1. For E315 and K284, FRET efficiency with R0 = 25 Å and r from the beta-carbon atoms, rounded to 0.05?
2. Measuring from a point 7 Å past the Cα of I367 along Cα-to-C-beta, which residues in the stretch 431-453 have an amide N at less than 16 Å?
3. Treating only the Cβ atoms of Lys and Arg (+1) and Asp and Glu (-1) as charged, compute the dipole magnitude of the chain about its Cα centre; round to the nearest 20 debye.
4. Could you please state how large a percent of the accessible area of the chain is carbon and sulfur, counting protein chains only and using a 1.4 Å probe?
5. Taking every DSSP beta bridge with both residues inside the stretch 219-369, roughly what % is antiparallel (nearest 5)?
6. What percentages, rounded to whole numbers, describe P(r) for the chain computed over all alpha carbon pairs with 20 Å bin width beginning at zero?
7. List, largest first, the extents of the alpha carbons of the stretch 121-170 along their principal axes, each in whole Å.
8. On the full set of protein chains, 1.4 Å probe, figure out the accessible area of M452 and give it in Å² to the nearest 10.
Amino acid sequence: MLDEKIREIFSDDNFIKQFKRYKLNKTDKYRKKVLIPMGVDGVAWRTFEENIKDISSNVCKRAINENYFFSSFRELEVPKPPYIKLKEAKEAGKTRILSIATIKDVIFQKLFYMAIEDFCEDKFNQLDDNVNYAYRRGKSAPMAVRKIHRFVSMEKYEYVLDADLKKFFDEINHELLLRKISKFFGEEQLTITYLKRFFSADRTPYSDYKGNVDVYYSRKPLRVHRDKGIPQGGVLSGLVANIFLFDFDNFIVSELTKKYNNRIKYVRYADDFVVLFQNKEDIKPVYIDIKMYLENEKLTLHDIGNKTKVIDMSEDKKEKLEFLGYKISPKAITVKKDNLIKFKRRISEIVNQTIIYKKSPEKGLKILVNRISYKILGNIGFEDSENCPICGFQIPKRNWLNYFLSITDVRKLRSLDIWIRKQIYKGYYHKTQQKLSKKELMKYELPSLEMMYYQYKKDLSSKTVYCMCDKFV
């Protein structure tokens, strides 16, 4: 049944429609630039678009006949927050490897995922409790954070095991993964075949192109066999990760929870997970049970004190949990300090890099405010319309504030608004030797994070139907 659904969804119309959605989501509306990366096949997005009918026909025909194979994934090392520059992140050991797919592989992944998503959600929802919040319909990191806060503040699960798995995406065992996928999908052989081809696809190391993807216009890429781990960065990466950890979720929810008489709670987002306790004495035995289970899955859980942490949020210690960019305590949810630093550094870079001439400062000031507005609002601030040109529904607000909308301390946003204005005043004076008045700055309609917060909260209570066109991006 599922295999037939896959064959049905691979049509030229669906392929072209998904490319249009992908392009829409990857378009920087402020700079009016399409940011679709090129894969190792040397096909840029413009060439792809010009030849899309032939490409879609070829891909769909091969997909239906079980003859589609993934190209090698181009690897790119990127920094983790709060680092912006890769050099600084490398020195701190805070980087991760993304796998950049060819455009046709991206669209293939989207269509394939659309075909099997309902089946996967039905399986994930078989668990007694909603514990997995990553890469799923109707789930998100802020939702996971709010659930944790409820456990801590209202149900008094004040002791937290903040677990850290060693290089999860890089270390997944392929033999184990294939067994789990086969068990998950049963006799759906086409589904299993394509997922196996995905996670075992070759990789192309950064050293092969050193940042210059144009080399693939004229030569083939170096292909390195992937004997463990999965490509990180595509829609199927998250799905495969969830399938691999599905048994682990079930182990904690069905076995450990009963073993400890419902004295523990569990929340996972990708490879980041926390176990919450009412009794401090349960932490060590639960940790040992989890560590032993994961060792059988050929995964390494860091020792307590070495990346894996115990957070005591009781009245005695009043420690805070940092999870998914948030800082959580029984009384409040705030933005993690590292993420505030990253946000401020980007604002400072915009101020420092924007040219404002002393003789005609108005033009430079307008550009500066527009750039900061884009950082705050994202594409939503520069759309021609609030409605999606493809489906007609309202475009959801996807930006820094929308991600951190679960915070409970609005004073932090007020402080950020004041800080941003001060950076503009300082930058303006440094470049023009003139003072910028508050009244003058107000003319340029710089958005306020605090006011946006109240508006976004109000919107959440409405029954607005939002566009889902970028759902699979």
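1. My answer for the efficiency is 0.70.
2. 431-432
3. Dipole about the Cα centre, nearest 20: 2680 debye.
4. Of all accessible area on the chain, carbon and sulfur atoms account for 48 percent.
5. Given both bridge residues lie in the stretch 219-369, the antiparallel proportion sits at roughly 90 percent.
6. With a bin width of 20 Å, the distribution comes to 20, 53, 25, 1.
7. If we take the Cα atoms of the stretch 121-170, the spans are 31, 28, 20 Å.
8. That residue has around 20 Å² of solvent-accessible surface.
The values are calculated or read from the model by the stated rules, or taken from the named source; none is laboratory data. Computed from a prediction, not measured in an experiment: that's the story for all the values here. Glycine gets a Cβ as well: all are built from the backbone with ideal geometry, and neighbour counts include every protein chain shown. All accessible areas refer to the heavy atoms of the entire protein, side chains included, with ligands and DNA or RNA removed. Shrake-Rupley method; radii C 1.70, N 1.55, O 1.52, S 1.80 Å.
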